[in-house]
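A short write-up of the structure that comes next.
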Amino acid sequence: MRRPFIAGNWKMNLDHNEASSFIDELSLKFKNKNDIEIAVCPSFTSIRSVAVAAEKEKEKNNHFNIKIGAQNIYFEKSGAFTGEISADMLRALGVEYVIIGHSERRVIFKEDDELINKKIKSALANGLKPILCVGETLEIREKGKAVEFTLNQINSGLDLIDISEIKNITIAYEPIWAIGTGKTATPEDAQQMCSSIRMKIEKLYKKEIAENIIIQYGGSVKPSNISEIMEMPDIDGALVGGASIKSDDFLALINY
Ligand code: PGA
């Protein structure tokens, strides 16, 4: 009984004015007809205005239930870490989810598995729900090592994470070659990887945990391809970048 989960990763787009207009536009046409979990992950500077706009719309329409995610955290609670933001600070703004280990953080900002694992632990310890991103490069896929590579990222990302915490974690399988490129993994390829991830979770924890964990696919998901992706048995949702920053597209995604 896994509840589908569609999240928009806005990346470095939408300033705080654009972000609150997005919420206003979304609420005008909003119907959560699929009964799914929905989140948007704005830039840090737009979180507060999204939270305020979403709260206001929810007062008018109780069904308008949009969760807020952040795109990153630092693992320390507070202190001399110039430019960084803690899980606590985000909780205080009403943030529920946090994307951790996105390939853009891994590749551009050189985040390694050890740092990602620390961030996952910090998020959980401070009441945020991590969305752990994993996925291979094209080179790795062409060498036939995609599954091994991705499952290793799962292994390290979840290192020493207790079984009781897993219900708060979402996994996002995002093959790097499919992100922002217009190239989507075929639903079958994505399904195969998500099924391997589920089996890995069973091995690391137990069957019941594996059956309940939410696994998203991400990489060039758009209104025209989301339904075939969501039909796959081990894909429970989508983490969407480019197609999530226009309210009409996002609406079409959540009504897939
Ligand atoms: P995309 O990005 O949908 O633009 O490919 C997905 C992501 O990076 O989360």
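The values are calculated or read from the model by the stated rules, or taken from the named source; none is laboratory data. Note that the structure is predicted; figures quoted are calculated from it, not measured. Virtual Cβ from ideal backbone geometry, glycine too; neighbours counted across all protein chains shown. Note: areas computed on protein heavy atoms with side chains; ligands, DNA, RNA excluded. Shrake-Rupley method; radii C 1.70, N 1.55, O 1.52, S 1.80 Å.
With segment 4-119 as the region, which helices (runs of 4 or more DSSP H) entirely inside it contain at least 2 residues that are acidic (Asp, Glu) and either open to solvent by 80 Å² or more (accessible area, probe 1.4 Å) or in contact with a Lys or Arg (Cβ under 6 Å, 6 or more places away or on another chain) (or both)? Full working, then the answer.
Values: elements: 16-29, 44-60, 87-92, 103-107.
Answer list for segment 4-119: 16-29, 44-60.
Does segment 213-220 contain at least one residue that is without any contact (Cβ under 8 Å) to a residue 60 or more places away in the chain, open to solvent by less than 30 Å² (accessible area, probe 1.4 Å) and in contact with a Phe, Trp or Tyr (Cβ under 7 Å, 6 or more places away or on another chain)?
yes
Anything in segment 74-132 that is touching a residue at least 24 places away in the same chain (Cβ under 8 Å), within 20 Å of residue 179 (Cα to Cα) and of a type in the set (A, V, I, L, M)? List them, or say none.
Listed by number, the residues that qualify are 98, 99, 100, 107, 116, 131, 132.
Here is a list: 120, 154. Which entry is closer than 23 Å to residue 95 by Cα and either modelled with pLDDT of 95 or more or of a type in the set (S, T, N, Q) (or both)?
Numbers: 154 fails: closer than 23 Å to residue 95 by Cα.
Within the list 120, 154, the selection yields 120.
Do we have any residue at all in segment 142-156 that's within 16 Å of the ligand (Cβ to nearest atom) and either under 27 Å from residue 68 (Cα atoms) or outside any loop (DSSP other than H, G, I, E, B) (or both)? Outline the logic, then answer.
Of all residues in segment 142-156, those within 16 Å of the ligand (Cβ to nearest atom) come to 150, 153.
Retained after the next criterion (residues that are either under 27 Å from residue 68 (Cα atoms) or outside any loop (DSSP other than H, G, I, E, B) (or both)): 150, 153.
Yes, segment 142-156 has at least one match.
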